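Here the structure comes first, spelled out in structure tokens, and everything after it is commentary.
The values are calculated or read from the model by the stated rules, or taken from the named source; none is laboratory data. If you're wondering where the values come from, they're calculated on a predicted model, not measured in any experiment. All Cβ positions, glycine included, derive from the backbone under ideal geometry; neighbour counts span all protein chains shown.
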Amino acid sequence: MSKLELINMTKLYKTGDGVRDINLSIEEGELVTLLGPSGCGKTTILRTIGGFLDCDGGDIRINGQSIIHLPPEKRPTAMVFQSYNLWPHMRVYDNLAFGLKLRKVPRPERERRIRQMLELVKMTGMESKYPGQMSGGQQQRIAIARALLLEPEVLLLDEPFSALDAKIRQQMREELRKTQTDLNITVAFVTHDQEEAMALSDRVIVMNKGSIEQVGSPQEIYHRPRSRYVADFIGEMNFLKISDAQVLAVRPEHVQVAAGTGGELDGYVRTIMMLGHYIEMTVDTDHGIVKAFITDEQAQRLGRGDPVALTFGRKQEYAAG
Ligand SMILES: Nc1ncnc2c1ncn2[C@@H]1O[C@H](COP(=O)(O)OP(=O)(O)OP(=O)(O)O)[C@@H](O)[C@H]1O
Ligand SMILES: [Mg+2]
């Protein structure tokens, strides 16, 4: 049995925006990411699962039981929001203890669990701080700790790291992934950052305008994007118009470059850019500009305007549109 099931779940706002007929199963211990551009309905799905929004149709089940008639606090879920997570007037300890008190967990047990949880999120010693006295990353660790203390069947995370700078974000990602696998927690994670989704997830759900466009492992989504939309949204992609009806999609790392002519597609070097640990070349062709990655040696030998022959490794065709 799946841990979480969405069955034709629909949530529409008065404006007509929202999400329609969402079908999705998440297995126990799985971390699944909802990925898509701003406004595609990621937060709407998460808030509907958490009970902060009412479903207009369909069902939400956890361990096979419908939860749509339960208020948020009665649902076996816990949600962490992008910001304003913690109660600012409460010390860290009280922020963590609040939910346990509501659930009538006896004091010694409360203290023990909070101590353990602070160790887990590497925040021991912060008990008496107020949220305003901590960094964003520290506050988010406490927010996640508070959610985990409730021992939810499903943890809902809505862009929890998006307000943090790149380095902390990456560190938090790694910590989350470790904690999640160590404790075998089931997580639905929202992000609009495709790199974050690829790095973190067992499976990625790519969304487009209120619907699911593709569900798959990061590898499947990257190497076999089902539609042009997914191909375009995930990673870098060259789109070459090969006829009025079709475009060819090739990732830059699958374009091989040789000096001269006689490739699948020939062209002329347009730019060569040194980007740290790799070098990027763009090539002018009759079918548009193609981006490729080249070696140091090629960069030495080739210059702007030189003829080059391109061959393509992995490629896919989509309807032009
Ligand atoms: N309370 C609301 N009332 C009316 N429409 C809303 C409301 N909240 C969101 N929407 C609309 O519903 C759609 C989905 O919004 P949602 O917040 O779920 O998107 P999102 O994918 O989380 O976007 P973001 O990446 O910007 O957070 C959008 O078109 C949005 O404008
Ligand atoms: Mg959102």
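Miscellaneous remarks
- Segment 43-96 - residue that is among the β-branched types (Val, Ile, Thr) and within 30 Å of Asp165 (Cα to Cα) and, of those, farthest from ligand 2 (Cβ to nearest atom): Val92
- Residues within segment 136-163 that are away from ligand 2 (no atom under 16 Å from the Cβ) and not in a helix (DSSP H, G or I), tallied: 6
- Among the residues of segment 197-215, those that are under 8 Å from Val32 (Cβ atoms) and away from ligand 2 (no atom under 16 Å from the Cβ) comprise Ser201, Asp202, Arg203, Val204.
- Some residue of segment 95-111 being farther than 23 Å from Glu153 by Cα, assigned to a loop (DSSP other than H, G, I, E, B) and without any contact (Cβ under 8 Å) to a residue 60 or more places away in the chain: no
- Qualifying residue in segment 84-102 (condition: within 16 Å of ligand 1 (Cβ to nearest atom) and at pLDDT below 95): yes
- Condition met for Glu174 (of a type in the set (Asp, Glu) and closer than 17 Å to Gly51 by Cβ): no
- Yes/no for Glu195 being under 23 Å from Lys3 (Cα atoms) and more than 13 Å from ligand 1 (Cβ to nearest atom): no
- Filter pass, Thr10 being within 16 Å of ligand 2 (Cβ to nearest atom) and polar (S, T, N, Q): no
- Among the candidates Lys101, Lys122, residue that is in the same structural domain as Glu28 (by TED's automatic domain parsing), on the phi < 0 side of the Ramachandran plot and among the charged types (D, E, K, R): Lys101
- Of residues in segment 164-192 being among the polar types (S, T, N, Q) and within 20 Å of Ser25 (Cα to Cα), the one nearest to ligand 2 (Cβ to nearest atom): Thr191
- Selected residue (criterion: surrounded by the most Cβ atoms within 10 Å (Cβ to Cβ)) from residues of segment 3-21 that are over 14 Å from Lys209 (Cβ atoms) and in contact (Cβ under 8 Å) with a residue 60 or more places away in the chain: Leu4
- Of all residues in segment 74-83 being over 13 Å from Arg47 (Cα atoms) and more than 14 Å from ligand 1 (Cβ to nearest atom), the one that is farthest from the chain's Cα centre (by Cα): Lys74
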